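These notes concern the structure reproduced below.
The values are calculated or read from the model by the stated rules, or taken from the named source; none is laboratory data. No experiment lies behind these values; they were computed from the predicted model shown. Note: ideal-geometry Cβ built from the backbone for every residue, glycine included; neighbour counts use all protein chains shown. These accessible areas exclude ligands, DNA and RNA; they are computed on the full protein's heavy atoms, side chains included. Shrake-Rupley method; radii C 1.70, N 1.55, O 1.52, S 1.80 Å.
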Amino acid sequence: MILNVAYILFGLAALFFGGNWLVRGASRLAASLGVKPLVIGLTVVSFGTSVPELMVSLNAAFSGTSDIAIGNVVGSNIANIGLILAVSGLIVMIPIHFDLIKREIPVVIVGSLLIWIMAQNHEVNQLDGLLLVSILVVFNFFLIRASLRERLRPTEVKELVEEEGVVGPINRMSELGWIVLGLVVLLVGANRLVEGTVAVARALQVSEVFISLTLVAIGTSLPELVASVVAANKREGDILFGNIIGSNIFNLFGIVGITALVRPIAIAPRLANIEIPVMIGFALVLVVFVFRGRLPRWASALLLAAYFAFIVLLLADESNPTALTDLPAIFEATPVS
């Protein structure tokens, strides 16, 4: 058990540092190319901080633990809004960019509904995965095309580079090195995290669904938390909100889609009937505040309270022995004391 807990702690630390290094390189590289902060948040930062979820879901799919593969995405999307956005909103009142009203938030809601519809068959198959990935490609094509039309002026690029704490010109090869290093560390961390959490879940007779919705989901969301808190302290509302919304979009279309293309994902009835609707509910709540043009602190407090209520309900469900599921005997070489 001690070794498995060490695997979890090592995996979380690797995801944390790997995500930081990846975002560091990607953000500075994008800034040197004159990309707007909102686009950086929606693409480079959000996709970069979603790599831990992708690594964990792919690892879980190859290992035959579908509950972790899909529960990780659902739990991360709920945590992104109910925990990360809420905590960031308590630090500073978040202004919401108008572009998010007409583009990104509707995409999050549509993606959440698509996952729910697919879950009614208790599986996301390869055809579903192809559809999800295709939507993501089309969405990013139009987003990048729009960003190229609205590139930053030289003075704005200089200001953005200075915000990244860079002295002198950016060495793009060096930043690419940070990106590669971050990806490698994330891959190793994701592997250790899945091994440790599944082994501990088996030992404690806790369901994979619960583990993936809580520990794994929060652990893989650490890069988003770090990026969002930093953005909140800098009062970069566009990067903060773009990071969270962009991450949810990539989780829904990219992670579920890519994982399903590799191997169809089985979805437990509990996820289809409870957790996925909760994910949709958190996404719909955002619409109210988007039209207000800001996320006030009292609303952030309510989101955080709703998230903790969700965790409490999960714990209550786990206390019911009939809710426990048999965990497959994977990672047989992993010692359990």
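Details
- The residue that is modelled with the lowest pLDDT, among those in the range 239-274 that are surrounded by fewer than 22 Cβ atoms within 10 Å (Cβ to Cβ) and assigned to a helix (DSSP H, G or I), is Arg270.
- The one condition from (1) at pLDDT below 70; (2) crowded, with 22+ Cβ neighbours inside 10 Å; (3) not basic (Lys, Arg) that Ile115 does not meet is (1).
- The range 250-303: number of residues that are over 12 Å from Ser112 (Cβ atoms), out of contact with any strand residue (DSSP E or B) (no Cβ under 7 Å at 6 or more places or on another chain) and among the charged types (D, E, K, R): 4
- In the range 119-158, of all residues being among the charged types (D, E, K, R) and closer than 25 Å to Ser247 by Cβ, the one that is modelled with the lowest pLDDT corresponds to Glu156.
- Sub-6 Å Cβ pairs linking a first residue in the range 164-180 that is closer than 19 Å to Gly18 by Cβ to a second residue that is open to solvent by less than 60 Å² (accessible area, probe 1.4 Å) and modelled with pLDDT of 75 or more, at least 6 apart or interchain, are Glu175/Gly25; Trp178/Gly25; Ile179/Gly25, ordered by first then second residue.
- Residues in the range 291-313 that are in a helix (DSSP H, G or I) and over 19 Å from Val87 (Cβ atoms): Leu313 only.
- Which listed residue, of Leu213, Leu222, is within 27 Å of Leu85 (Cα to Cα), within 18 Å of the chain's Cα centre (by Cα) and at pLDDT below 70: Leu222
- Output for the range 275-294, where each listed residue is among the aliphatic types (A, V, I, L, M) and open to solvent by 30 Å² or more (accessible area, probe 1.4 Å): Val278, Leu284, Val285, Val287, Val288
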